[in-house]
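Coordinate-derived values only; no laboratory data. The shown structure was predicted, so the numbers you read here are calculated from the model rather than taken from an experiment. Every residue, glycine as well, gets a Cβ built from its backbone with ideal geometry; the counts of neighbours run over all protein chains shown.
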Amino acid sequence: MSERGNSGNSGERRNEQGRQRNRGASGERRFSVAAPSQRKRRADPARLTAFEVLRAVAEEDAYANLVLPARIRENRLDKRDAGFATELAYGALREQGLYDAVLARCVDRPLDQLDGAVLDALRLGTHQLLSMRVPTHAALDETVGLARAVIGAGPSGLINAVLRKVAARDRDEWVAELLQGLDDDVSRSALEHSHPEWIVRALRQSLAAHGRRAEEIEDLLAADNQAPVVNLVALPGLGSLDEALAQGAEPGTLVPGSAYYAGGDVSRLDSVRAGTTRVQDAGSQLVARALADVALPEGGRDSVWLDLCAGPGGKATLLAAIAAGRGATLTANEPTPHRAELVRKALHAVPEDHWILTVEDGRDYGNAANAGRFDRIMVDAPCSGLGALRRRPESRWRKSPKDVAELTILQGELLDAALSALRPGGVVAYVTCSPHPAETRAVVEDVLKRNPDARLLDTGAAADAACLDGTLGTLGAAHPLDAARPGDGDAALGNTVQLWPHVHRTDAMFLALLTKGAAGRPATKD
């Protein structure tokens, strides 16, 4: 991120007491010539926007990716300021663990005794000082000015004093100091990469469970802290990437009809406003296309599709567009009314005679009335979201191991319901935005044990076929699920696909494709 703030005189400056203010050309840190009482009382719009996002996350349990665009529009930020506000807000949220450890060394009381607004201002200032190319004097002056404008003059003095202590060391020096005395690898990685320790352990376990080296954890955690490039998808038969490409977008490298966009606010694109081009992670695009394109093992009818957990609507819209091009119809089900409305808005660009919206508990699709009704079913199950930490910067601090344990029961029930609603020879895609083995392989193994007429397909081959130039398989993303139904003599009953941010430039999406045979007999082998 480029520098923001007024440039100071590069020469040496001392105040009346002889204290050096600017060290200038020496390369050392510089501080403002202004005393705290003389500092600005106006909040810089970009920093104010970032502050408002942090406050909404803390006070309203809001999601930063939903709050930020609205605040950018309300505060009328231009492209440059919007980029600065985005990096500042997301960075402060991602790095909260590390920054709080630094601040704990600089504040004379426990951080939980600070007013929440003060703590958020300190986190924003710390991010500018340690992780952005913002001059030290600008980071101090602007953060104190923000505090004076929106919190008050009293707290601004504390913020000024604390941030001066933070500025005494750079990021590497702070990390080295905080790591002293930490001998456990997990604790060290958690601190350095600003992740809760339980998530570091879970991701290490996930790497091993999906056939990768546990040593990749450092690369994975680093990828979680990188700002992801916006991924676009043109709805097949409806949308076009021409406008985005004309404004500097780059063609996607994983799936067809996709692009990487770094041109600022995507809502400025006419095709995005029309809904025919959408923001969607390439991993999400891939799992939807793999389900839509895989050959049905026993052929037959292919016109009745279902997205069992459709909210907020991204995968459902892509599936509906593909279905429309083939004369099929998608039922998009979302049990939560406000999320169902998001699905409806997302689907508006697809001809209405090719989709139906229902608002039901997805498990109810397993009842007798729906038995064998659908040809293709997407089960994008509610999950911990550990695979999308780079896109949802606040989520790592909201999750707990308890969340995983509670969700696995629901995930299994939804997949059971989908298999009941699937016609013999149809295909179910089980998808999570989490690599955690309890939410991925273990769920599939348990469901296969409970459903003797079901089996796992060659998911790796299906995903590779949906990729541009078959690039996925060459990266080793598909892994066998060997113990799905022990004792039946099969060495491997199929495989699953796990994507990774540090390998595929996507969220850590998991995919398993399953089919079933007629009642009372196993699905036929390919």
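Which residues does the label zone of Thr336 cover in the range 299-316, counting backbone N under 12 Å from a point 7 Å along Cα→Cβ? Only 310-313 pass the distance filter. Beta bridges from DSSP with both residues in the chain: antiparallel share about 55 percent, rounded to the nearest 5.
Working from Cα positions, state the angle (0 to 90°, nearest 10) between the long axis of helix 45-60 and the longest principal axis of the chain. Taking the Cα atoms of the chain, the angle to 45-60 is about 60 degrees.
With the Cα gyration tensor of the chain giving a ≥ b ≥ c as the square roots of its eigenvalues, does the rule (a/c under 1.5 for rounded; else a/b larger than b/c for prolate; else oblate) give rounded, prolate or oblate? Don't skip to the answer; put the middle values down first.
On the way: a/c = 2.49, a/b = 1.92, b/c = 1.30.
Because a/c hits 1.5 or more and a/b exceeds b/c, the chain counts as prolate.
Listing Thr432, Thr253 from the residue with the fewest other Cβ atoms within 10 Å to the one with the most, what is the order? Intermediate results must be reported in sequence, preceding the final value.
Values: Thr432 27, Thr253 15.
With the sparsest Cβ surroundings first, the list reads Thr253, Thr432.
For Asn367 and Glu215, a Förster radius of 51 Å and the Cβ-Cβ distance give a FRET efficiency of 0.60, rounded to the nearest 0.05. Remark: the range 303-441 carries a charge dipole of roughly 560 debye about the Cα centre, counting +1 on each Lys and Arg Cβ and -1 on each Asp and Glu Cβ. The base-10 log of I(q)/I(0) for the range 282-516, evaluated at q = 0.08, 0.10, 0.18 Å⁻¹, reads -0.26, -0.41, -1.50 [Debye formula, identical scatterers on Cα atoms, solvent excluded]. With a sphere of radius 10 Å drawn around the Cβ of Leu203, what net charge do the other residues whose Cβ falls strictly inside it have (Lys, Arg +1; Asp, Glu -1)? Local net charge: 0. The modelled label-to-label distance between Ala208 and Arg450, using points 7 Å beyond Cα along the C-beta direction, is 2.8 nm.
Sorting Thr136, Thr126 by the number of Cβ atoms found within 10 Å of their own Cβ, with the fewest placed first, yields Thr136, Thr126. Hey, what angle do you get for helix 441-450 against the long axis of the chain, alpha-carbon based, 0 to 90 degrees rounded to 10? The helix 441-450 is inclined about 30 degrees to the chain. Dipole size of the chain about its Cα centre, with +1 on Lys/Arg Cβ and -1 on Asp/Glu Cβ: approximately 1600 debye, rounded to the nearest 20. Around the Cα centre of the range 122-185, unit charges on the Cβ atoms of Lys, Arg, Asp and Glu (plus for the first two, minus for the last two) sum to a dipole of about 500 debye.
Spin-label pair Ser267-Arg42: with each label point 7 Å from Cα along the Cα-Cβ axis, the two points sit 2.5 nm from one another. Does the range 24-172 classify as rounded, prolate or oblate by the C-alpha gyration tensor (a ≥ b ≥ c root eigenvalues; a/c under 1.5 gives rounded; else a/b over b/c gives prolate, otherwise oblate)? In terms of gyration-tensor shape, rounded. Given points 7 Å out from each Cα along the Cα-Cβ axis, report the Glu406 to Glu74 separation in nanometres with one decimal. Using points 7 Å along Cα→Cβ, the separation is 2.9 nm. Just going by the charge dipole of the chain, with Lys and Arg at +1 and Asp and Glu at -1 on Cβ, which of Leu306, His195, Ala149 is farthest out on the positive end? Of Leu306, His195, Ala149, it is Ala149.
Answer with one residue from Ala56, Val444, Ser420: the one whose Cα lies farthest towards the positive end of the charge dipole of the chain, charges on Cβ with Lys, Arg +1 and Asp, Glu -1. Comparing the listed Cα positions along the dipole, Ala56 ranks first.
The long axis of helix 136-150 is offset from the longest Cα principal axis of the chain by roughly 80 degrees.
Within the shell of other residues whose beta carbon sits under 14 angstrom from the beta carbon of Ile217, the net charge comes to -4, with Lys and Arg scored +1 and Asp and Glu -1.
Label the range 230-279 by shape, choosing from rounded, prolate and oblate, from the square roots a ≥ b ≥ c of the eigenvalues of the Cα gyration tensor; if a/c is under 1.5 it is rounded, and otherwise prolate applies when a/b is larger than b/c, oblate when it is not.
Details: a/c = 1.66, a/b = 1.03, b/c = 1.61.
Oblate, since a/c reaches 1.5 and b/c is not below a/b.
A dipole drawn for the range 230-279 from +1 and -1 charges on Cβ atoms has a positive end, and of Gly275, Pro256, Ser240 the residue lying farthest that way is Gly275.
Arranged by the count of other C-beta atoms within 10 angstrom, fewest first, what order do Lys516, Lys79 take?
Details: Lys516 25, Lys79 12.
Lowest count first: Lys79, Lys516.
In the chain, the DSSP-assigned H stretches of four residues or longer account for a calculated mean residue ellipticity at 222 nm of -13000 deg cm²/dmol, using -39500 (n - 2.57) per stretch and the full residue count as denominator.
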